[in-house]
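The structure under discussion appears below in the form of structure tokens.
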Amino acid sequence: MATNEFSLYSLEECLRKGLRYIKYSNKEIKRVCDRTNNERFVQHYGFPSETVAAVLNDNPSIDPKKFFMTLYWWKTYEKEKQMESRWKWHPETIRDICYSVCEQLGKRYDDKIIFDDFDEEQVYLASIDCVHFWWQECRTDPGGKWYSHKHNGPGVSYEVCVDTVKDRIVWTSGPYPAASHDITIFRGGTKKNGKATWRQSSLYHRMRAGKRLVGDSGYVGEPDKISTTLAGHSPETKELFARFKSRQETLFRGYKALGIMGGEPFRHKGKQGGGSAERLAVHKLVFRAATVAMQYNLENGRPLFDV
């Protein structure tokens, strides 16, 4: 088991080491203000040093340098051959390390992302929406099901819920082909095929009586479980729902700030090949690890705005 050196260092030392990994000299670090160094750090790693230190301190089995390299991969989405000279590993080794770190961080998913622990008086438990990510269409499985109207090209979709009271991601599901309807993902099947065919693992089956989610117009059709904005709602209710949905969009912008999630099409394949199932598995691996990191970010000085 690797020893996590960052449990021994201050946030300033974590910041310094992160900058040294990307080849800033001590002189270059010292001659600018903290704000500039923090900007440098986030521009290369996607998260502030507070979040990075919290992850490493909480997960001592994760090697710091490998974690920094994985964050760098997420943020820049450089090809492994571009990363080779900076990180001093063979391109195939770089890819394997990044996958391994994602697996390690993904093990915290069930601890961090929990559809439970809501306040008892909460009626509107969470906002719900699907986020699309761009990816390269698989040659072995082409088709209109991958079409994302948000990217005007192939993509995948994930269902995400954010607590309306606390700074928590409480649910994710996916990936699904981007042309899948939001309400179909929520139900776990189509209305045409009938409720008996809907997946028991879907969020539809997790909702308790008397509790609601808040969604956009794509979720019209399940008023007992998801509230959408209606013309007859009071201005206060419309404003409340708008703020719930805006918080969720703020979270989505955090995902999209990572190059691997928003900068260009996701190109990585599975170790066993490039079929759609293998590529979806790799994308899910990265997404779940990034979701854990996003939750750490919310807990360590980067909360969503209050409703």
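Bear in mind that the values in this text are calculations on the coordinates, not laboratory data. Because the structure is predicted, anything quoted here is derived from the model rather than measured. Here Cβ is always computed from backbone atoms with ideal geometry, including for glycine, and neighbour counts include all displayed protein chains.
Quick look at the numbers
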| item | result |
| --- | --- |
| Coordinate range along principal axes, alpha carbons of segment 187-235, Å, largest first | 38, 22, 12 |
| Trypsin sites (Lys or Arg not before Pro) lying in DSSP loop within segment 150-246, provided at most 11 other Cβ fall within 10 Å | LYS192, ARG208 |
| ³J(HN,Hα) computed for each position of segment 149-156 - Karplus, 6.51 cos²θ - 1.76 cosθ + 1.60, integer Hz, glycine/proline x | 5, 7, 9, 6, x, x, x, 10 |
| Separation between Cα centres of segment 33-79 and segment 92-128, rounded to whole Å | 18 |
| Segment 147-175 versus segment 230-244: alpha-carbon centroid distance in Å | 22 |
| 5 angstrom amide H check on SER227, placed H, neighbours 5+ away | LEU213, VAL214, GLY215 |
| Nonlocal amide H pairs with SER148, under 5 Å, H built at 1.01 Å | GLY153, GLY155 |
| TYR147, TYR176 arranged by Cβ crowding within 10 Å, fewest neighbours leading | TYR147, TYR176 |
| Among the listed pairs LYS150/LYS269; LYS75/LYS112; LYS23/LYS65, those beyond 20 Å (Cα-Cα) | LYS150/LYS269; LYS75/LYS112 |
| Integer Hz, Karplus 6.51/-1.76/1.60 couplings in order for segment 220-234, x for Gly and Pro | 5, x, 10, x, 6, 10, 10, 8, 10, 5, 10, 4, x, 5, 5 |
| Sorted by Cβ neighbour density within 10 Å, fewest at the top, the residues CYS138, CYS33 | CYS33, CYS138 |
| Cα gyration tensor, segment 5-107 - rounded (a/c under 1.5), prolate or oblate | oblate |
| For ALA257, residues with placed amide H under 5 Å, excluding near neighbours | none |
| Charge dipole magnitude, Cβ of K and R +1, D and E -1 - segment 160-307, Cα centre, debye nearest 20 | 540 |
| For the chain, share of DSSP beta bridges that run antiparallel, in % to the nearest 5 | 75 |
| Loop-located GluC sites (Glu not before Pro) in segment 91-190, at most 13 other Cβ atoms within 10 Å (DSSP) | GLU120, GLU121 |
| Alpha-carbon radius of gyration plus Dmax, which is the widest Cα pair, for segment 79-236 in Å | 19.2, 61 |
| Unit Cα scatterers, Debye sum, the chain: log10 I(q)/I(0) for q = 0.15 Å⁻¹ | -1.24 |
| Ranking of VAL170, VAL162 by count of other Cβ atoms within 10 Å, fewest first | VAL170, VAL162 |
| Size of electric dipole in the chain: Cβ of Lys, Arg +1 and of Asp, Glu -1, about Cα centre, debye, nearest 20 | 960 |
| Per-residue ³J(HN,Hα) for segment 285-294, Karplus 6.51 cos²θ - 1.76 cosθ + 1.60, θ = phi - 60°, Hz, x for Gly and Pro | 4, 5, 4, 5, 5, 5, 5, 4, 5, 4 |
| Cα-based shape type of segment 101-168, given that a ≥ b ≥ c are square roots of the gyration tensor eigenvalues and the cut on a/c is 1.5 | oblate |
| Equivalent ellipsoid, segment 190-301 (semi-axes from 5 times Cα gyration tensor eigenvalues, Å) | 31, 22, 13 |
| Cleavage-rule hits, trypsin sites (Lys or Arg not before Pro), segment 4-104, DSSP coil, Cβ neighbours within 10 Å at most 12 | LYS23, ARG31, LYS88 |
